[in-house]
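Bear in mind these aren't lab numbers, they're just calculated from the coordinates by the rules spelled out. Here the structure is a predicted model, which means the values were calculated and not measured. Ideal geometry is used to build each Cβ from the backbone, glycine not excepted, and the neighbour counts take in all protein chains shown.
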Amino acid sequence: MASKRKTIQAVTLIIFLVLMFLGKIQLWMAVFLGGLLLSTVRGRLYCGYLCPINTVMEAVDNDAAKRKRNRLKTPNWAKNNIVRIGVLVLFVVTFIFIQKTGKKLPVLPALFAIGILLTVFFEPSFWHRYLCPYGTLFSFFSKKNKAGYTIAEEDCIKCGICVKNCPADAIIQEEKEVPIIFKNDCIVCGKCREVCPTKSISYKGQSTQTV
């Protein structure tokens, strides 16, 4: 599944860059809207498989891990829901402005650059969980989604490795308890499954677990 995801990421990144080079990046919105609708039943597959920002962010993140380069934690002020909603409101207002005036503002390329730049200096959750307006929309739309990664409680040793490696802060663990994956915040990257020492995490299309 990991190799298939990487292939899809590479193809969609190329498509995104070609559209950006041709000045037709607005066409990407069709892909985004399709992903938004899909998220209501299958989770944030767009984020993990199609999002060009996340694709490059993963490369930056992997490079930082290989070089053992420490990055800054998400600032506490950013964890306030007001910040998250405020960024989304600004994004929506900008989109409405573009539609009303016909001006072509480089919103997508700007967000692409901001997401990557932030990941150079901060852990990826700063963007994925708290600042990305697309991520916030997907979080809302996938609120009732049942599909996603699930932890088998009987196999979990409660080591917390999945929590530490989640790039979206989508896994929460109370002391000495089995971690919980919040599917509306999960970006379906599969990192939790990759690092799990007991292979207790799997993707289920019709999970019955509610989180």
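If I fit a long axis through the Cα atoms of helix 2-21 and take the longest principal axis of the Cα atoms of the chain, what angle between them do I get, 0 to 90°, rounded to 10? For 2-21 against the chain, the angle is about 10 degrees. For segment 15-97, trypsin sites (Lys or Arg not before Pro) meeting the loop criterion (DSSP other than H, G, I, E, B) and having at most 14 other Cβ atoms within 10 Å: K24, R67, K68, R69, K73.
Shown in residue order for segment 140-157 are the 3J(HN,Hα) couplings computed by the Karplus curve 6.51 cos²θ - 1.76 cosθ + 1.60 at θ = phi - 60°: 5, 5, 9, 4, 9, 5, 9, 7, x, 6, 10, 9, 6, 4, 6, 9, 5, 9 Hz (x for Gly and Pro). If I fit a long axis through the Cα atoms of helix 28-42 and take the longest principal axis of the Cα atoms of the chain, what angle between them do I get, 0 to 90°, rounded to 10? Here the helix axis deviates by roughly 30 degrees.
Here the relative contact order of the chain, from alpha carbon pairs under 8 Å that lie six or more residues apart, stands at 24 percent.
For the chain, the longest principal axis of the alpha carbon atoms and the long axis of helix 81-101 meet at an angle near 30°.
Per the Kirkwood definition applied to all pairs of different Cα atoms, how many angstroms is the hydrodynamic radius of the chain?
When all Cα pairs of the chain are included, the Kirkwood radius is 17.9 Å.
Among the cysteines of the chain, those whose beta-carbon sits 4.7 Å or more from every other cysteine beta-carbon are C47, C51, C132, C156, C159, C166, C186, C189, C196. Residues in segment 48-57 carry Karplus couplings, in order, of x, 10, 10, 5, x, 5, 5, 4, 6, 4 Hz; the curve used is 6.51 cos²θ - 1.76 cosθ + 1.60 with θ = phi - 60°, and Gly or Pro positions show x.
Provide the net charge surrounding M57, with neighbours chosen by a C-beta distance below 11 Å and charges set as Lys +1, Arg +1, Asp -1, Glu -1.
Numbers: positive: none; negative: E58, D61, D63, E123.
Combined, the nearby Lys, Arg, Asp and Glu give -4.
For the pair K144 and I14, label points projected 7 Å from Cα toward Cβ lie 3.9 nm apart. Within the listed set E153, E174, E194, the Gaussian network model of the chain (springs between alpha-carbon atoms below 10 Å) gives the highest mean-square fluctuation for E174.
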